[in-house]
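See structure below.
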Amino acid sequence: MMQILFVDDELPVLESLRVRLHRMRDRFRMEFVDSGSRALEALDRSACDVLVTDIRMPGMDGAQLMDAVSQRWPDTVRIALSGFAELKQSMRLVPLAHQFLSKPCEPQLLENVIQRCLNLRNLLAAPALRAAVGRIQRLPALPRTYAKLQPILAREDASAQEVSQVIAGDSVIVAKVLQMVNSAFFRLPRRVTKIDQAVSYLGFSAVRNLVLSAEVFARWPGAAPAAVVNLEHVQAHMHSVAAVSHALTAYLPICDDCLLAGLLHDIGYWVFAQECPTELEAALDLAIRSGIPLPDAESQVIGASHAEIGAYLLGIWGLPYAIVEAVANHHAPRRVTQPEFDVLAALSVASALTGATEAEAFSRAAPPEQGIDPQYLQTVAAPFDWNEAKRRAAESLQPGD
């Protein structure tokens, strides 16, 4: 049974949580403590799967507690639960919390977040791999600008001016978003030079997704410790996949999700390059020696593919399930039942149509994958045939004006 540890210095809050979450007792073993020090004592006795902690506490506060947990029990999912939103404190939490929830929090929302985090753990069978993801301190939580946009865009009265003001607070992100806006993704009729223009042209959702991608790769080192993979080339491939995914789903409701899935689908290679470059090189050796695709070799050597690692990271950031599922399975979409053309199908087709650009990112060529073909499009009831898919892909990858 999964174990959850709740930490809050206010005893009435703890008791309220205990009562409101009582119905979860048949699925989770829950413990409630009133301080950071007592939480560490509880963890010393028995490591937990999920930590839910208040932030403002006397003595050891929630940020200090999560810092200690990230170092000693990196496999634990860390959820910050607090009404305290002061900027300096929030910045302390960026490298520490996997999820943020505001107090008061509805029991159903808290339960859903906890269950989702636990479900995502099933993507990775080996605890050591979950621990490797948990140790990453550069991007374990949603990037700040993206996180600020979420509550604004949830409002019906959100304005383009509000969205533009949030993004304009980070000049690096502004530059990267505008670079992508003017790339092959959208083929706009004229060059966009301001964020407010981008918001007007593309809409809230597309710009929000571009912000997330821009923040991820602005904050994460691009240089890999090993020569086996060129991360700049991987990112170029991801941009190509995003452009094709967007073209394949133009005018469909899933278009924006497909764009984001494409922009982030190979993020697992950043984890491999930073955390286990030697194992990644061994996987490439195995793929070439045995004549198998690289993701299969990664699973044999490392215990999971870059797709599953990336999906886990995106999942604990709280991205939509459709995107996490697509990233996890884009090299093996048939292991998921797909009665209709969805984000996974679009990402898989786009990845297959741009596979050569991904292969160029590695020092040596592994055998190509087989499996995405005209018959697959029929299986998922795609709104186009294979020739049309190739035409849209070729058009979307033409250099912009």
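Tally up the residues in region 346-355 that are surrounded by fewer than 21 Cβ atoms within 10 Å (Cβ to Cβ) and at pLDDT 90 or above, please.
Selection size over region 346-355: 0.
Here's the yes/no breakdown for (1) touching a residue at least 60 places away in the same chain (Cβ under 8 Å); (2) in the same structural domain as Pro277 (by TED's automatic domain parsing); (3) surrounded by 13 or more Cβ atoms within 10 Å (Cβ to Cβ):
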residue	(1), (2), (3)
Arg334	no, yes, yes
Gln338	no, yes, yes
Thr357	yes, yes, yes
Ser363	yes, yes, no
Pro367	yes, yes, yes
Asp385	no, yes, no
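Among the residues that make up region 236-244, is at least one of them modelled with pLDDT of 80 or more and not in a helix (DSSP H, G or I)?
Within region 236-244, the subset modelled with pLDDT of 80 or more is 236-244.
Pick out the ones that are also not in a helix (DSSP H, G or I) and you get none.
Taking every residue of region 236-244 in turn, none turns out to be modelled with pLDDT of 80 or more and not in a helix (DSSP H, G or I).
Can you name the helices (runs of 4 or more DSSP H) wholly within region 1-106 that have at least 3 residues being farther than 18 Å from Cys117 by Cβ and at pLDDT below 85?
87-93
Filter region 166-201 for residues that are assigned to a helix (DSSP H, G or I) and either touching a residue at least 40 places away in the same chain (Cβ under 8 Å) or out of contact with any helix residue (DSSP H, G or I) (no Cβ under 7 Å at 6 or more places or on another chain) (or both) and give the result.
Of everything in region 166-201, those that are assigned to a helix (DSSP H, G or I) and either touching a residue at least 40 places away in the same chain (Cβ under 8 Å) or out of contact with any helix residue (DSSP H, G or I) (no Cβ under 7 Å at 6 or more places or on another chain) (or both) turn out to be Ile167, Ser171, Val172, Ile173, Ala175, Lys176, Gln179, Met180, Gln197, Ser200, Tyr201.
State the number of residues belonging to region 340-355 that are in contact (Cβ under 8 Å) with a residue 40 or more places away in the chain and among the hydroxyl-bearing types (Ser, Thr, Tyr).
2
Here is a check on your reading of the model: is Leu344 outside any loop (DSSP other than H, G, I, E, B) and under 15 Å from the mean Cα position of the chain (by Cα)?
Numbers: outside any loop (DSSP other than H, G, I, E, B): yes; under 15 Å from the mean Cα position of the chain (by Cα): yes.
Judged against the criteria, Leu344 is a match.
Please go through (1) in contact with a Ser or Thr (Cβ under 8 Å, 6 or more places away or on another chain); (2) surrounded by 24 or more Cβ atoms within 10 Å (Cβ to Cβ) for Val228 and return the number of the only condition it doesn't satisfy.
(2)
Among the candidates Ala247, Ala297, Ala261, Ala287, which residue alone is surrounded by 19 or more Cβ atoms within 10 Å (Cβ to Cβ) and under 10 Å from the mean Cα position of the chain (by Cα)?
Ala261
The values are calculated or read from the model by the stated rules, or taken from the named source; none is laboratory data. Just so it is clear, the structure is predicted and the values come from calculations on it, not from any experiment. Glycine gets a Cβ as well: all are built from the backbone with ideal geometry, and neighbour counts include every protein chain shown.
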